[in-house]
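In what follows, a single structure is set out as structure tokens and then discussed.
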Amino acid sequence: MLVNMKKIVEDAAKSNYAVPGFNVFGYEDAAAIVAAAEELDCPVILMTNRDAVAHMPFDILGGVLRGVAENAKVPVCVHLDHGKTFEEAVKAIKAGYTSVMYDGSQLPLEENIKNTKEIVRMAHAVGVTVEAEIGSVGYNDPSIEAKAVYTEPEEAKKFAEETGVDALAVAIGTLHRMETQAAKIQYDRLDKIQELTNVPIVIHGSTGITDDDLQKLAKYRVAKINIGTALRMVFGYKLRETIEANPKEFDRIKFFKEPMEAVRKAAKEKMILLGLGK
Ligand code: G3H
Ligand code: ZN
């Protein structure tokens, strides 16, 4: 069933679990992730990043993901990840996304607040939820220019109060696109953010988080854990293996079977670590 993010993150924030937001590139990974969520009878968030929306127009991608969500037996939110403009948010909403992230993390605080407020007003008017980012989660990829800045708890408080976002992404030690689980989480910073705000918290760059820390973070007011690289690696490596093992095959649908199964298993493992499926 297609839903926005509100109930998913509010419930997760007050419970001992967190809901994964998985980056997907299309039908194959989306369907595999939803199959895992159905097995565990838990909600899930399907997100499209900048690469995905550059590859496929919003209305086509939105249509595919909306279809997967509407057919699901569990709540599924279709979320725009790292949107950069008001226009992008509007395009995503028109394409059927039920939730958008506005990422003004590279802007001065007041400008980030002003832009986020405008998107919150527009999106809430049509029942769409909004996530935004304070501080900035950097990238473990030199081709992406983005400064990394830890979240100041006082700024998180001001940002959450003034913007009215449904969920707030904070920078507490992760980096996007890490290929190993080597992030060092700053729990002191997270404690302080929790103390000063009421908003459900989102962690980006969660491929880099150890299994122990995923279990621990799920018990905080962390409601959404964004995971992209980990599942892209599983899909890509299994796809390469399948193609190499079947040199005479050319039908790509046959190549997708094993990577989809591998993604289903990997997504389910992350969900269990995050306290889902109990
Ligand atoms: O917004 C997307 C996530 O933060 C994914 O990060 O690819 O490092 O897991 P990751
Ligand atoms: Zn992110």
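The values are calculated or read from the model by the stated rules, or taken from the named source; none is laboratory data. Just so it is clear, the structure is predicted and the values come from calculations on it, not from any experiment. Note that we place each Cβ from the backbone using ideal geometry, even for glycine, and neighbour counts take in every protein chain shown. Areas reflect the complete protein model, heavy atoms only, side chains present, ligands, DNA and RNA absent. Shrake-Rupley method; radii C 1.70, N 1.55, O 1.52, S 1.80 Å.
Here are some notes:
- Summing Cβ point charges (Lys, Arg +1; Asp, Glu -1) relative to the Cα centre of region 7-156 gives a dipole of roughly 420 debye.
- Scoring 116-125, 146-155 by mean Cβ neighbours within 10 Å over their residues and listing the highest first yields 116-125, 146-155.
- Net dipole in debye of the chain [+1 Lys, Arg Cβ; -1 Asp, Glu Cβ; about Cα centre; nearest 20]: 440
- Shape call, region 1-60: gyration tensor on alpha carbons, a/c limit 1.5: prolate
- For the chain, the fraction of C-alpha pairs farther apart than 28 angstrom is 30 percent.
- Modelled this way, with points 7 Å down the Cα-to-C-beta line, the labels at I60 and Y187 are 4.7 nm from one another.
- Accessible area per residue, Å², the chain with all protein chains present, probe 1.4 Å: 45
- Beta bridges by DSSP in the chain, antiparallel share as percent, to the nearest 5: 5
- Accessible area of region 90-198 belonging to carbon and sulfur atoms, whole % at 1.4 Å probe: 49
- Simple spin-label estimate for Y150 and E179 in nanometres, 7 Å along Cα-Cβ: 2.8
- Debye, to nearest 20: dipole size of region 215-278, +1 on Lys, Arg Cβ, -1 on Asp, Glu Cβ: 520
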